[in-house]
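Asker: Before I ask anything, let me first share the structure, which is written out below as structure tokens.
The values are calculated or read from the model by the stated rules, or taken from the named source; none is laboratory data. Since the structure is predicted, the reported quantities are computational estimates derived from the model, not experimental observations. Cβ placement follows ideal geometry from the backbone for every residue including glycine, while neighbour counts extend to all protein chains displayed. Quick note on the areas: whole protein, heavy atoms, side chains included, nothing else; ligands and nucleic acids left out. Shrake-Rupley method; radii C 1.70, N 1.55, O 1.52, S 1.80 Å.
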Amino acid sequence: MAKIITDLSASKLRILVYGNAGTGKTRFAGSAALFEPTAPALMLTIGGNPISLQDYPQKPVVIEIESLRDFNDVYDWLYQGQPVSHPYGQVMQPLVGAQKFLTLIIDGATEVNNKVWRVIMGRSESDPDFAKIGGTEIDPRKFQDNLATMAYWGSLFFELAAMHNKHPLNVIVTALEREPAIDFRSAKARAEGADGPTQRAQKFRPAFIGQAGGSMESYAYITGRMVPVVEFDPVQQRKLGVRKQLGGLVPDAWNVMVTVQSDEWIAKDQYGKLGGFVVDPTVAKIWERIYGRENTPL
């Protein structure tokens, strides 16, 4: 029988954050380890950059994913509620004791898709096999295989945060940013009816192959685009409180998580409480805006 949900406020965080390298994705996700309601945190890194968390006083437990098969056991363990009797439980117990992870971070979902695509194309996950690159037309059915595989992978891991799950935990996934397609059609080509890039392709969005990005974006409650901002005008600084006193200096730049969609990029906030963007985002800031300051330990 289907489960009736009576308390929507009990939902766990389901966040997909994307951006170019160096925009603070890993540091944002890793901040879950610093915040009591979301710690301890487990990070699966695959092309991520956990070294950027060196200055954090509490860090996630980091597992490096080398092969797609590495996801199998860790998913099984988390889905079962992190039992000590599981092989992963035996490994984790010395690290976290009796505690259970409250947050799962997957740092590098774009690389997950890259590995999936290599397998679909008949190549090694780790060896790009350059001799096979170029010169052949790709069978469209391979894109369908990619969509189906990534949709299945994404749904399984994001559903770990679902309220109907017996052992839900917060899920944060990072991805690189895909540049929008540029319409290079000439006026003549347009007049002759030549097809240009789709409207979907002409936006900044998480970097996934083919239409897999649409599925990944749909599974998250928050899809945030990370962008560096080098200047706020004085009015914005006072309103946002972004002027930081670091020895009397203002930082050279801020990382901003944009959570409202525009004609130029994909983003969303299905909680409806983030106000469009968060300056220098942390998991604690997101949590406070969604659940209120009274639920945020000081």
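Asker: Provide ILE222, ILE51 ordered by accessible surface of protein heavy atoms (probe 1.4 Å), highest first.
Answerer: ILE51, ILE222
Asker: Round to the nearest 0.05 the FRET efficiency obtained for GLN144 and VAL61 when R0 = 51 Å and r is the Cβ-Cβ distance.
Answerer: The pair GLN144/VAL61 has a calculated efficiency of 0.90.
Asker: What order do you get for 57-63, 104-110, 68-74 when each peptide is scored by the mean count of other beta carbon atoms within 10 Å, highest first?
Answerer: The packing order, highest mean first, is 104-110, 57-63, 68-74.
Asker: Next up: Sort the following peptides by mean Cβ neighbour count (other Cβ atoms within 10 Å, averaged over residues), highest first: 76-84, 91-99.
Answerer: 76-84, 91-99
Asker: Let me ask something else. Quote the relative contact order of the stretch 28-158 in percent (integer), defining contacts as alpha-carbon pairs under 8 Å separated by 6+ residues. Each step should come with its number before you reach the end.
Answerer: Numbers: 135 pairs, mean separation 35.7, N = 131.
Reported relative contact order: 27 percent.
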